[in-house]
Amino acid sequence: MTRLRAPTLPTLLLALSTAVPLAAQATDGVRLGLAFGGTSLVAVVVEVMDDARALELSVGTWGFRDVSASLVGKGYLGASRFRPVVGAGLWTIVAWPRDAERSGAALLVRFPIGFDWSAGGGHSLDFEMSVSKGLAVRRTDPIDGRPMSRRFVPLPGISYRWLP
């Protein structure tokens, strides 16, 4: 009996980018937006776009006693209003807990995978799953010697973007 294999991620992204009807539009410029989830509970996003490539900076917070910042290079696949997006970058978070001796910090590598839906008029919604893995951590307790987790962690997010 032949066993069916699941398609690989690049195969799925290629199929999705060609399956949607082409409706190419200019996407050069700076998009501004708000993000919910992913690298923070709420964040401000600035994205510099050059057609199928972008550089995204997001700065946000989880609980207003921390700052989260992410810098990611992204690639948009296809030329439709609903485009797959893949990227890679770094994410850092610094927290100042009330009862801790010192601030905590973490540096992670981040791989966002998702879709960008252009609603027209410069407005768009982004849906992504950010797969992250820790690179370095500074715990708030100086005697805490637990090793950092080596697993990949998926974090879903959604954002609104506007190209003025």
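The values are calculated or read from the model by the stated rules, or taken from the named source; none is laboratory data. What you are looking at is a predicted structure, and each value in this text was computed from that prediction instead of being measured. Cβ: placed from backbone, ideal geometry, glycine included. Neighbour counts: every protein chain shown.
Please work out if Ala35 is among the small types (Gly, Ala, Ser), over 17 Å from Leu155 (Cβ atoms) and touching a residue at least 24 places away in the same chain (Cβ under 8 Å). Step through it out loud before you land on a result.
Working: among the small types (Gly, Ala, Ser): yes; over 17 Å from Leu155 (Cβ atoms): no; touching a residue at least 24 places away in the same chain (Cβ under 8 Å): yes.
No: the conditions fail for Ala35.
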Would it be correct to say that Leu55 is of a type outside the set (D, E, K, R), farther than 21 Å from Gly134 by Cβ and at pLDDT below 95? no
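Where residues in segment 68-78 are more than 10 Å from the chain's Cα centre (by Cα) and surrounded by 17 or more Cβ atoms within 10 Å (Cβ to Cβ), which of them is farthest from Arg139 (Cα to Cα)?
Step one: filter segment 68-78 for residues more than 10 Å from the chain's Cα centre (by Cα), giving 68-69, 75-78.
Within this subset, residues satisfying the condition of being surrounded by 17 or more Cβ atoms within 10 Å (Cβ to Cβ) are 68, 76-78.
Values: Ser68: 16, Tyr76: 36, Leu77: 39, Gly78: 42 Å.
By that ranking, first place goes to Gly78.
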Checking the condition in contact with a helix residue (DSSP H, G or I) (Cβ under 7 Å, 6 or more places away or on another chain), within 18 Å of Val48 (Cβ to Cβ) and surrounded by 14 or more Cβ atoms within 10 Å (Cβ to Cβ), which residue from Arg83, Arg161 passes? Arg83
Cross-chain or 6+ apart pairs with Cβ under 6 Å, segment 47-67 first and surrounded by 15 or more Cβ atoms within 10 Å (Cβ to Cβ) and assigned to a loop (DSSP other than H, G, I, E, B), then of a type in the set (A, V, I, L, M, F, W, C) and at pLDDT 95 or above: Trp62/Leu41
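Condition check ((1) in a helix (DSSP H, G or I); (2) in contact with a strand residue (DSSP E or B) (Cβ under 9 Å, 6 or more places away or on another chain); (3) modelled with pLDDT of 80 or more) across all residues:
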position	(1), (2), (3)
Ala6	no, no, no
Leu14	yes, yes, no
Ala24	no, no, no
Arg31	no, yes, yes
Phe36	no, yes, yes
Does segment 77-87 contain at least one residue that is of a type in the set (Phe, Trp, Tyr) and under 15 Å from Gly157 (Cα atoms)? no
